[in-house]
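Colleague: Please read through the structure below; I'll follow up with questions.
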Amino acid sequence: MFDLFTFGEAMALFLSQDTDDVVSAKVFARSAAGAEANVAVAVTRLGLSVYFYTHLGVDELGSAMINDFLVEGVDVSGVKRVAQFTGSMVRNPGTSRPVEATYLRKGSAASTIASSDINVDVISQSRWVHTTGITCAISQSAAQAVKFALETAREKKIPCSLDLNIRRKLWSEEEARRVLEPLAHGVDLLIGGEDEYQLIFGELDPRKAIEIAHERGCAIVVMTKGDQPIRYSINGEYGETVPPKVHAVDPVGSGDAFTGGVIAGLLSGLSPVEAIIQGSFSGARVASFFGDWAGLPTGTHGRTDPAIIAEIIGGASR
């Protein structure tokens, strides 16, 4: 039995170390990244069991990343090694200039993921299924896999979530809306940024966009906007919460940390509002560290260690 089943592209992340500019940098540190991979580690760090599926190349980067997941305790026993290369991302930390990421992922190993790769038996043994729009963007077959996973979860009455997660470097806004709009319905948790809701639902007013998502059968609807108040609707009841203010040094990955914190909180028995607040702490902490996994909080049974929450609150109050 797994607490979470998720799948998507895991990438080798090369983060420049000696300068805040990939062009001039000579030293890079390798770690791992990828939306669903980040969520998998976030939920595992909070003390729950996660089954993560992806395709990695038959190359040393793929082997290195398998080891990264094993160290974190994520179940990657089903990961498939294929002839295509392991996807990668090269970027600067963003300390003195905007983050600029270069993707090496067109035709990558993960782009070969298809519906036939989704293990229905594992989904049946899981308490939650999580998907994102990024997987839909990497290939048509991967988008079909997302559709199949969500349909399977609904059929088996397993809670499921979709993070809209639009990456404009991977596809056009028109393509994103065409693929994601039909998927953004009937999920237990829908997450996205304000601009993503506006794009997918064609509604500029944030509250109206949230109402549209709720009318489409999404039970918990969450809209984020960086460090601004988080808007949400729980079974049609609107609310807002303010995320903790921290000294952000690297915002990349904080959204996935937020998502992982929310899912883990819901699985632990927290109320939806409490789970959203937990997610905001996870997102804030990751933003205060370099790298996608470095600041992910630890905890037990899906709930963040109280000492870490106190640390975040203390940092936010200074």
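Colleague: Show the residue pairs that are 6+ apart or on different chains and have beta-carbon atoms under 6 Å apart, the first residue being within segment 62-77 and in contact (Cβ under 8 Å) with a residue 60 or more places away in the chain, the second being of a type in the set (Val, Ile, Thr) and part of a helix (DSSP H, G or I).
Modeller: Glu72/Val41; Glu72/Thr44
Colleague: Pairs only if they're at least six apart or on different chains, beta carbon under 8 angstrom, first in segment 166-185 and within 11 Å of Gly133 (Cβ to Cβ), second in a loop (DSSP other than H, G, I, E, B) and of a type in the set (Gly, Ala, Ser); list them, first residue then second.
Modeller: Partner pairs satisfying both residue conditions: Arg177/Gly202.
Colleague: Moving on. Say we look at segment 170-197 and pick out the residues that are under 17 Å from the mean Cα position of the chain (by Cα) and among the β-branched types (Val, Ile, Thr); which of these is nearest to Glu240 (Cα to Cα)?
Modeller: Step by step, filter segment 170-197, then rank; the result is Ile191.
Colleague: Separate question: As an exercise: evaluate Gly217 against (1) without any contact (Cβ under 8 Å) to a residue 24 or more places away in the chain; (2) over 16 Å from the mean Cα position of the chain (by Cα) and give the number of the one condition it does not meet.
Modeller: (1)
Colleague: So, one more: Can you tell me which condition Thr300 does not meet? The list is (1) over 16 Å from Asn165 (Cα atoms); (2) of a type outside the set (Lys, Arg); (3) free of Cβ contacts under 8 Å to residues at least 40 places away in the same chain, and all the others hold.
Modeller: Only one criterion is unmet by Thr300, namely (3).
Colleague: Could I ask something else about it? Please indicate, with yes or no, whether at least one residue in segment 279-294 is in contact with an Asp or Glu (Cβ under 7 Å, 6 or more places away or on another chain) and either more than 30 Å from Glu100 (Cα to Cα) or among the basic types (Lys, Arg) (or both).
Modeller: Within segment 279-294, not a single residue is in contact with an Asp or Glu (Cβ under 7 Å, 6 or more places away or on another chain) and either more than 30 Å from Glu100 (Cα to Cα) or among the basic types (Lys, Arg) (or both).
Colleague: Any idea which of Gly295, Gly314, Gly253 is small (Gly, Ala, Ser) and either in contact with a strand residue (DSSP E or B) (Cβ under 9 Å, 6 or more places away or on another chain) or touching a residue at least 60 places away in the same chain (Cβ under 8 Å) (or both)? Working first, answer last.
Modeller: Values: Gly295 fails: either in contact with a strand residue (DSSP E or B) (Cβ under 9 Å, 6 or more places away or on another chain) or touching a residue at least 60 places away in the same chain (Cβ under 8 Å) (or both); Gly314 fails: either in contact with a strand residue (DSSP E or B) (Cβ under 9 Å, 6 or more places away or on another chain) or touching a residue at least 60 places away in the same chain (Cβ under 8 Å) (or both).
None of the others qualify; the one that does is Gly253.
Colleague: Looking only at residues in segment 78-103 that are free of Cβ contacts under 8 Å to residues at least 60 places away in the same chain and within 20 Å of Gln140 (Cβ to Cβ), which one is surrounded by the fewest Cβ atoms within 10 Å (Cβ to Cβ)?
Modeller: Ala83
Colleague: Right, here's the next one. Quick check on my filter: what residues within segment 261-313 are among the charged types (D, E, K, R) and assigned to a helix (DSSP H, G or I)?
Modeller: Glu274, Arg285, Glu311
Colleague: Consider segment 24-50. How many of its residues are over 25 Å from Asn92 (Cβ atoms), assigned to a strand (DSSP E or B) and without any contact (Cβ under 8 Å) to a residue 40 or more places away in the chain?
Modeller: Qualifying residue count, segment 24-50: 0.
No lab work stands behind these numbers, since they all come straight from the coordinates. Since the model is a prediction, treat every value here as computed from it, not as a measurement. Note: ideal-geometry Cβ built from the backbone for every residue, glycine included; neighbour counts use all protein chains shown.
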